[in-house]
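> Shown below is the structure under consideration.
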Amino acid sequence: MGMTGRLYEHISPGHRHIADRIRLAVNKFDKLGTRVGSDERNKVRNISFGDLRLNVKSFKIAHPVNRFVYRYLRKSKARRSYEHACYLVKRGIGTPLPVAYYEERGLWGLGRSYFVSMQVREDLSFRTLIERPDYPGREEILRKFTRFTHNLHENRVNFLDHSPGNTLISNEGQGNYIFFLVDLNRMKTGRELGFEARMKNFARLSATPDMIKVMAGEYSVITGHDRDRVIDRMEHYTRKTRELRARRKRMLKKLSRPGLLFILFSIITLI
């Protein structure tokens, strides 16, 4: 792994009996299992030892300033992912069972960090419902997902990465679906969410207009809020989210120009 510091280990009490296999999965991360996704920043691998199926996420080493911050001033992404997963599990909210986290701690900052969880069976993600309007049982899944998200908010969870790819769905048959949240490092807990904050959280899903109508209808049934008002606020925040993403994309395109990139790099190195 190219260690530059001491590897700190935290394994959940319920999984210490398999500590040797967990350590092997982390130490041999690049050589075991199969790669999941194409994200070059953070790498995820499915690693199995017989019936034991682990999901290991390796977070990219940050730039020098953030390496110092994550070592001394703020919890690492791996630790936050683990602790947020524990918070969800304690409240009966679906997420892959947290197993462990590891941090490569050096004098000058944090190196690589790893979050280990149990694998779950994924039949589809929320993104599937966007890309396939004819997906079987789509409206029923959306209604149950709305109830899942409402329960999330009732438990004072603001999932800042509540995006299409971060909700995995398992079809258990007979109309029973289980939802699992993943990529948990960006999450706020413990604070009551008002109506506007809840609507804003739905907006990150990039749902289509017909999906919004289904979710808004179900949300109004659950909460008693006026359906038209719910539709209006969901559509408003969804539109704002799309506009923000478009602005960021244009800005990154401009920053990719050699001259601006050199200036930005020079500023960062002087901080």
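The values are calculated or read from the model by the stated rules, or taken from the named source; none is laboratory data. Computed from a predicted structure; not experimentally measured. We place every Cβ from the backbone using ideal geometry, glycine too, and count neighbours over all the protein chains shown.
> Yes or no: segment 232-246 includes at least one residue that is out of contact with any Pro (no Cβ under 8 Å at 6 or more places or on another chain), of a type in the set (Gly, Ala, Ser) and either within 30 Å of Tyr87 (Cα to Cα) or part of a loop (DSSP other than H, G, I, E, B) (or both). Give the steps one after another, and end with the answer.
Keep residues of segment 232-246 that are out of contact with any Pro (no Cβ under 8 Å at 6 or more places or on another chain), which gives 232-234, 236-246.
Then keep just the ones that are of a type in the set (Gly, Ala, Ser); that gives 246.
Add one more test, that the residue is either within 30 Å of Tyr87 (Cα to Cα) or part of a loop (DSSP other than H, G, I, E, B) (or both), and what stays is none.
No, segment 232-246 contains no residue that is out of contact with any Pro (no Cβ under 8 Å at 6 or more places or on another chain), of a type in the set (Gly, Ala, Ser) and either within 30 Å of Tyr87 (Cα to Cα) or part of a loop (DSSP other than H, G, I, E, B) (or both).
> Moving to a separate point now. Show the residue pairs that are 6+ apart or on different chains and have beta-carbon atoms under 8 Å apart, the first residue being within segment 224-240 and assigned by TED's automatic domain parsing to the domain that holds His150, the second being acidic (Asp, Glu) and surrounded by fewer than 16 Cβ atoms within 10 Å (Cβ to Cβ).
Here the result reads Arg233/Glu196, each pair linking segment 224-240 to a residue that is acidic (Asp, Glu) and surrounded by fewer than 16 Cβ atoms within 10 Å (Cβ to Cβ).
> Restricting to segment 144-187, name every residue that is over 30 Å from Tyr70 (Cβ atoms), out of contact with any strand residue (DSSP E or B) (no Cβ under 8 Å at 6 or more places or on another chain) and surrounded by fewer than 19 Cβ atoms within 10 Å (Cβ to Cβ). It would help to see each step written out before you state the result.
In the first step, residues of segment 144-187 are kept if they are over 30 Å from Tyr70 (Cβ atoms); the result is 144-148, 150-151, 154, 169-178.
Cutting the leftovers down to out of contact with any strand residue (DSSP E or B) (no Cβ under 8 Å at 6 or more places or on another chain) gives us 146-147, 150-151, 154, 173-176.
Passing the criteria: Arg147, His150, Asn151, Glu154, Gly173, Gln174, Gly175, Asn176.
> Of the residues in segment 85-108, how many are free of Cβ contacts under 8 Å to residues at least 40 places away in the same chain and either crowded, with 21+ Cβ neighbours inside 10 Å or in a loop (DSSP other than H, G, I, E, B) (or both)? Write out each step before concluding.
So the first thing to find is which residues in segment 85-108 are free of Cβ contacts under 8 Å to residues at least 40 places away in the same chain, and the list is 89-90, 92, 97.
Now drop any that are not either crowded, with 21+ Cβ neighbours inside 10 Å or in a loop (DSSP other than H, G, I, E, B) (or both), which leaves 92, 97.
Count: 2.
> Looking at (1) in contact with a Lys or Arg (Cβ under 7 Å, 6 or more places away or on another chain); (2) of a type outside the set (Asp, Glu); (3) part of a helix (DSSP H, G or I), can you tell me which one Arg79 breaks?
(1)
> Out of Arg132, Arg79, Arg127, Arg121, report the one residue that is over 22 Å from Ile222 (Cα atoms) and modelled with pLDDT under 95.
Numbers: Arg132 fails: modelled with pLDDT under 95; Arg79 fails: modelled with pLDDT under 95; Arg127 fails: modelled with pLDDT under 95.
Of the residues listed, the single one that is over 22 Å from Ile222 (Cα atoms) and modelled with pLDDT under 95 is Arg121.
> Let me ask another. Determine which member of the set Leu264, Leu252 is over 25 Å from Thr128 (Cβ atoms), among the hydrophobic types (A, V, I, L, M, F, W, C), at pLDDT below 95 and loosely packed, with under 10 Cβ neighbours inside 10 Å. If you could, list the steps in order and put the result at the bottom.
On the way: Leu264 fails: loosely packed, with under 10 Cβ neighbours inside 10 Å.
Checking each option against the conditions leaves just Leu252.
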